[in-house]
1. Given Gln202, Leu282, Leu164, which one lies farthest toward the positive end of the charge dipole of the chain, if we put +1 on the Cβ of every Lys and Arg and -1 on the Cβ of every Asp and Glu?
2. Taking the 0 to 90 degree range and rounding to the nearest ten, how far is the long axis of helix 115-128 tilted relative to the main principal axis of the chain, both from C-alpha atoms?
3. Under 5 Å between amide hydrogens, which residues at least 5 positions from Met165 or on another chain qualify, with H placed 1.01 Å from N in the peptide plane?
4. Which ordering of Glu130, Glu253 is given by a fewest-first count of other beta-carbon atoms within 10 Å?
5. If I model the range 1-85 as equal point scatterers sitting on the Cα atoms and use the Debye formula, what is log10 I(q)/I(0) at q = 0.16, 0.18, 0.20 Å⁻¹?
6. Might you report the magnitude of the Cβ-based charge dipole of the range 11-231 about its Cα centre, with Lys and Arg at +1 and Asp and Glu at -1, to the nearest 20 debye?
7. Explain nothing, just the number: relative contact order of the chain, from Cα pairs under 8 Å at least 6 residues apart, as a whole percent.
8. Using a 7 Å offset from Cα along Cα-Cβ at Glu124, what residues in the range 75-101 end up with backbone N under 20 Å from the label point?
Amino acid sequence: MADQAGGKPFLQFSNVKKTYDHKTLVVKDFNLEVAQGEFITLLGPSGSGKTTCLMMLAGFEDVTSGEILINGRSVTSIAPYQRNIGMVFQQYALFPHMTLRENLAYPLKIRKQPKEQIRAKVEEYLALVELQDFGGRYPGQLSGGQRQRVALARALIFAPDIVLMDEPLGALDKKLREQMQFEIKRLHEQLGFTVIYVTHDQTEALTMSDRIAVFENGIVQQCAPPDVLYERPANLFVADFIGESNKLKGVIETVGSDTVGVRLEDGSKVDTLKANCTEVGLPTMVSVRPEKLTFTDRLGSAGNQVKARFITRHYVGEYIRYHFETADGTELVVKNLNDSSAPQLSAKDEVALAWLPQDSQALDRPAVSAAP
Ligand code: ADP
Ligand code: MG
């Protein structure tokens, strides 16, 4: 996927490590190949090393070891301004004493483009972010969303090959953030630049990205397209970080080619997809998404079942969240569409919660040391 015509990836992080204090590695061994035009998101908790990776790519931080290559060429000796990279941050960093036109002209001026060309480009990019009537205003006279659109236009106006965006929508409210996500995707599709996007918001990552690299503590836990991350998380960290997961403790009892049989703590046996826990006798966690579990009879007798008691329900509008508890105290969340034909439940009602083997995975669970 990341291969270009010449066989070399467009952008490559190769065994990249970073320490600020010569003791702790904040980026442990980062490997990533990016195709031209791809939209890649680095997703992870605060402090997991995402911004550091962007800073190394932009040239504002040194790489401690390893290499970053653009078109197969190491960027180590290339100055930041020569890397042809555009950047958008959460703090807009527009020049407050310059009008929007002057702000947009700035990156072209320092690149010594001819005046006429700059004038035309500025109008083109003002229109591109739908601010054609605001060119004479100062940043202080704009709303947060408008300022961020100017920042976006300023990052794109010199036609960079790569655009880095570090939590660019973090300061905006939910509605505006969703509009801007759409706006960024539209510009990405229209102009075809490559994006490395940083966020800690998983919904944002899932809706915008071609691929997502999930960071934890300086390590990429999984790098995959959104649907693969969600449907086939590689481990418990990813299963918990992306979306919501129900987890049932058990032990692997049988191992097939694609599936494993698991004996759960309440004694029931279920079948599930094989993931990173594949040997008979190993402790495992069966992970199932809330929308894959049902207490209606829509699966008939197919699939897995566990018994659970109804605790409570929360009305969310388009769907309803139900809370259940198994005999061994495991809490299970079920999200079902708001469907008036679903059975009515009263507190403590016992139901069978069902799901299909292909909608769950057996993930590695560290064994708890035996009680003394
Ligand atoms: P993220 O963007 O995922 O929140 P960062 O890359 O900013 O993570 O930070 C990763 C780790 O590196 C954190 O522990 C942070 O405190 C540390 N760090 C980041 N920048 C610096 C710096 N300039 N000097 C020293 N430590 C830093
Ligand atoms: Mg950061």
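1. Leu164
2. Approximately 30 degrees, to the nearest ten.
3. Amide H neighbours of Met165: Val88, Ile196, Tyr197, Val198.
4. Glu130, Glu253
5. Debye output, listed in q order: -0.62, -0.78, -0.95.
6. 800 debye
7. Values: 732 pairs, mean separation 53.6, N = 372.
Worked out over the chain, it gives 14 percent.
8. 84-87, 100-101
Every read-out reported here was derived from the displayed coordinates using simple, explicitly stated rules and does not represent laboratory data. Predicted, not measured: the structure shown is a model, and the values here were computed from it. So basically every Cβ, Gly included, is an ideal-geometry build from the backbone, and we count neighbours across all protein chains shown.
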